[in-house]
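**Student:** Please find one structure pasted underneath; my questions will follow.
The values are calculated or read from the model by the stated rules, or taken from the named source; none is laboratory data. All values derive from a computational prediction rather than experimental measurement. All Cβ positions, glycine included, derive from the backbone under ideal geometry; neighbour counts span all protein chains shown.
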Amino acid sequence: MELLKIALSKGRILSETLSLFNKIQMDFSEVYEDSRKLFFDFKEHGTRVILAKPSDVPTYVEYGVADIGVAGKDVLLEDKKDVFELMDLKLANCKMVVAIPKDRSNDSPIYRVATKYPQIAEEHFIKKGIPVEIIKLHGSVELGPILGLSDAIVDIVSTGSTLKKNNLKIMEEICPISSRLIANPVSFRVKSHVIMDLMEKLEAVL
Ligand code: PRP
């Protein structure tokens, strides 16, 4: 039997994802045990787990090397890959926000925005009719306003402690973010039976 290939995000969301699959009797505990190995076959439940960088999961699914995947809504909004978004897994709940220095007024003008999400930031400010320069960073974007690189950041907030520790505050919420089950459109048709079955089981435990 051909294995159902599932791309999962490495990093802090992985343990939450594995626990969710565990609840539907898909025991992927071997994945925890070897941090260097990047794919695992589970013949007993007909799956192959592929571990990828979170931002690469939709790419593996788009090209069909993974049939389905678990990807953050942030990555899906930023990259807009040709994948089906099947369901909200309600994992890694957080929000995309505009944040500014704590001591600045919410009305103060924004000219430059530092972010890991240039597409989301640009769309947000275009929608509001505010012309801004977007500065793409790859991490630690909170440094932007501290170092005078930008007036604001667009980033994900979960507990809020990173903003707090860097004297920033939320100026505006853009949208809620959580992990989504995604599928390659062809796989979804060809393996619809097994994917729908998986979705039903997930739905039951969410
Ligand atoms: C994310 C995000 C914030 C932080 C928010 O960064 O970009 O920096 O988490 O979490 P909090 O509200 O719970 O403090 P990540 O840890 O992924 O690292 P990075 O900034 O280096 O990408």
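The rows are residues; the columns are (1) buried (at least 17 other Cβ atoms within 10 Å of the Cβ); (2) in contact with a strand residue (DSSP E or B) (Cβ under 7 Å, 6 or more places away or on another chain); (3) at pLDDT below 95.
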{"site": "Asp56", "(1), (2), (3)": "yes, no, no"}
{"site": "Thr59", "(1), (2), (3)": "yes, no, no"}
{"site": "Glu62", "(1), (2), (3)": "yes, no, no"}
{"site": "Asp67", "(1), (2), (3)": "yes, yes, no"}
{"site": "Leu77", "(1), (2), (3)": "no, no, no"}
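**Student:** Inspect all residues belonging to the range 185-199 and state whether any of them is away from the ligand (no atom under 13 Å from the Cβ) and assigned by TED's automatic domain parsing to the domain that holds Ile110.
**Tutor:** no
**Student:** Also, I was wondering about something else. Return the residue satisfying two criteria in turn: it lies in the range 83-99 and is under 18 Å from Ser19 (Cβ atoms) and in contact with a Leu (Cβ under 9 Å, 6 or more places away or on another chain), and of such residues it is surrounded by the fewest Cβ atoms within 10 Å (Cβ to Cβ).
**Tutor:** Restricting to residues being under 18 Å from Ser19 (Cβ atoms) and in contact with a Leu (Cβ under 9 Å, 6 or more places away or on another chain), the top hit is Lys90.
**Student:** Is at least one residue of the range 98-111 within 15 Å of the ligand (Cβ to nearest atom), of a type in the set (S, T, N, Q), out of contact with any strand residue (DSSP E or B) (no Cβ under 7 Å at 6 or more places or on another chain) and over 30 Å from Ser192 (Cα atoms)?
**Tutor:** no
**Student:** When the residues of the range 1-28 are filtered to those that are among the hydroxyl-bearing types (Ser, Thr, Tyr) and within 16 Å of the ligand (Cβ to nearest atom), which remaining residue is farthest from the chain's Cα centre (by Cα)?
**Tutor:** In this case the residue turns out to be Ser15.
**Student:** Within the group Leu20, Leu8, which residue is assigned by TED's automatic domain parsing to the domain that holds Lys191 and in a helix (DSSP H, G or I)? Outline the logic, then answer.
**Tutor:** Numbers: Leu8 fails: in a helix (DSSP H, G or I).
Just one listed residue meets the conditions, Leu20.
**Student:** Moving on. Please indicate, with yes or no, whether at least one residue in the range 121-136 is modelled with pLDDT under 95, surrounded by fewer than 17 Cβ atoms within 10 Å (Cβ to Cβ) and not assigned by TED's automatic domain parsing to the domain that holds Val194.
**Tutor:** Within the range 121-136 (the criterion being modelled with pLDDT under 95, surrounded by fewer than 17 Cβ atoms within 10 Å (Cβ to Cβ) and not assigned by TED's automatic domain parsing to the domain that holds Val194), the answer is no, since none of the residues qualifies.
**Student:** Only one of these conditions is not met by Lys102: (1) surrounded by fewer than 16 Cβ atoms within 10 Å (Cβ to Cβ); (2) closer than 16 Å to Met171 by Cβ; (3) in contact with a helix residue (DSSP H, G or I) (Cβ under 7 Å, 6 or more places away or on another chain). Which number is it?
**Tutor:** Going through the list (1) surrounded by fewer than 16 Cβ atoms within 10 Å (Cβ to Cβ); (2) closer than 16 Å to Met171 by Cβ; (3) in contact with a helix residue (DSSP H, G or I) (Cβ under 7 Å, 6 or more places away or on another chain), Lys102 breaks only (3).
**Student:** Tell me yes or no: at least one residue of the range 155-164 is more than 13 Å from the ligand (Cβ to nearest atom) and touching a residue at least 24 places away in the same chain (Cβ under 8 Å).
**Tutor:** No, because not a single residue in the range 155-164 is more than 13 Å from the ligand (Cβ to nearest atom) and touching a residue at least 24 places away in the same chain (Cβ under 8 Å).
**Student:** Is it the case that Ser55 is small (Gly, Ala, Ser), part of a helix (DSSP H, G or I), on the phi < 0 side of the Ramachandran plot and not assigned by TED's automatic domain parsing to the domain that holds Met171?
**Tutor:** Judged against the criteria, Ser55 is a match.
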